[in-house]
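The structure appears right after this line, and notes come after that.
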Amino acid sequence: MQIVAIIPARYQSSRFPGKPLADINGKPMIQHVYERTRQCRKLDMVVVATDDPRIAQTVTAFGGEALLTKECHESGTDRIAEAANILKIEQDGIILNVQGDEPLLEPAMIEQLIDTLKAFPDGPMATLAFASSDRHQYADPNVVKVVVDHRGKALYFSRSCLPHFRDGLPEAFCFLKHLGFYAYRFNFLQTFTMLPQSRLELVEKLEQLRALEHGFPIQVAISATDTRGIDTPEDLQALLGENS
């Protein structure tokens with residue numbers, strides 16, 4: 001069984017143009033993500049999928065593997081699906097979606113995601129969450145929350161406070177913060193990108209809701225480690241300030 005991590009990276013981000021090439025301690029962000037992902041020994045291959053020659057050239061220069069994909073993709077998942085087809089991944093292969101703006105990811109998280117999908121042979125996809133008690137993040141619509149059933153399958157993802165504590169937040173409380181890493185079976189990845197966008201997906205602007213609305217389960221593993229995505233130049237400056 002092939003296990004391949006694909007890192008989608010585009011240059012024209014509305015909130016942070018050129019983000020994959022932003023410098024972090026002497027290396028472009030995409031290199032930090034690539035090298036940390038590469039440390040997971042369960043992967044057969046790590047590839048950056050991009051629509052921009054500047055990103056592809058940067059990846060090749062530091063010794064990584066890059067694929068040029070179409071510019072028209074609406075999401076990173078669509079870009080990953082094209083890359084998986086170009087790479088001719090085996091039909092029973094596992095594709096990891098590793099976000100290109102996660103320079104602090106831990107290789108153990110990738111390994112856990114692989115193990116989670118492998119443990120559910122009939123499961124089409126898996127993702128990660130982190131048990132958090134951060135009240136600011138709980139109230140932040142930019143932080144996606146997930147609730148799961150007793151088997152760890154996702155019931156719903158939302159930008160709203162989830163679950164809602166009707167009687168107010170207790171002193172000790174916990175919610176599941178969704179981390180944007182996914183594992184797909186190759187066949188399902190192709191199916192997923194062909195499904196029409198769903199109502200709740202469009203309302204919440206959360207692509208994973210498409211799978212749930214079309215009846216496909218998502219297995220959620222609880223990561224021991226949180227991550228910190230870089231969405232804006234301010235996020236990057238905050239990170240650099242902490243490490244200076």
Which condition from (1) surrounded by fewer than 21 Cβ atoms within 10 Å (Cβ to Cβ); (2) in contact with a Phe, Trp or Tyr (Cβ under 9 Å, 6 or more places away or on another chain); (3) more than 22 Å from Ile89 (Cα to Cα) is the one that Gln2 breaks? (3)
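Select, from Asp115, Asp92, Asp140, Asp78, the only residue that is within 15 Å of Gln219 (Cα to Cα) and acidic (Asp, Glu).
Asp115 is the lone residue from the list that is within 15 Å of Gln219 (Cα to Cα) and acidic (Asp, Glu).
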Give the residues of region 194-244 that are surrounded by 13 or more Cβ atoms within 10 Å (Cβ to Cβ), charged (D, E, K, R) and within 18 Å of the chain's Cα centre (by Cα), sorted by residue number. Glu201, Glu204, Glu207, Arg210, Asp226, Arg228, Asp231, Asp235
Could you tell me which residue of region 4-28 is farthest from Met45 (Cα to Cα), considering only residues that are in a loop (DSSP other than H, G, I, E, B) and small (Gly, Ala, Ser)? Ser14
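Pick from Lys118, Lys88: which is closer than 19 Å to Ile6 by Cβ, surrounded by 14 or more Cβ atoms within 10 Å (Cβ to Cβ) and free of Cβ contacts under 8 Å to residues at least 40 places away in the same chain?
Matching residue, one of Lys118, Lys88: Lys118.
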Under the condition of being under 30 Å from Lys42 (Cβ atoms) and in contact with an Asp or Glu (Cβ under 9 Å, 6 or more places away or on another chain), which residue from region 135-165 is surrounded by the fewest Cβ atoms within 10 Å (Cβ to Cβ)? Leu155
Within region 5-42, count every residue that is of a type in the set (Phe, Trp, Tyr) and buried (at least 19 other Cβ atoms within 10 Å of the Cβ). 1
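Throughout, read-outs are computed from the coordinates displayed, never taken from laboratory work. Fair warning: this is a prediction, and the values are worked out from it, not measured in the lab. In this analysis, Cβ positions are derived from the backbone assuming ideal geometry, glycine residues included, and neighbour counts consider all displayed protein chains.
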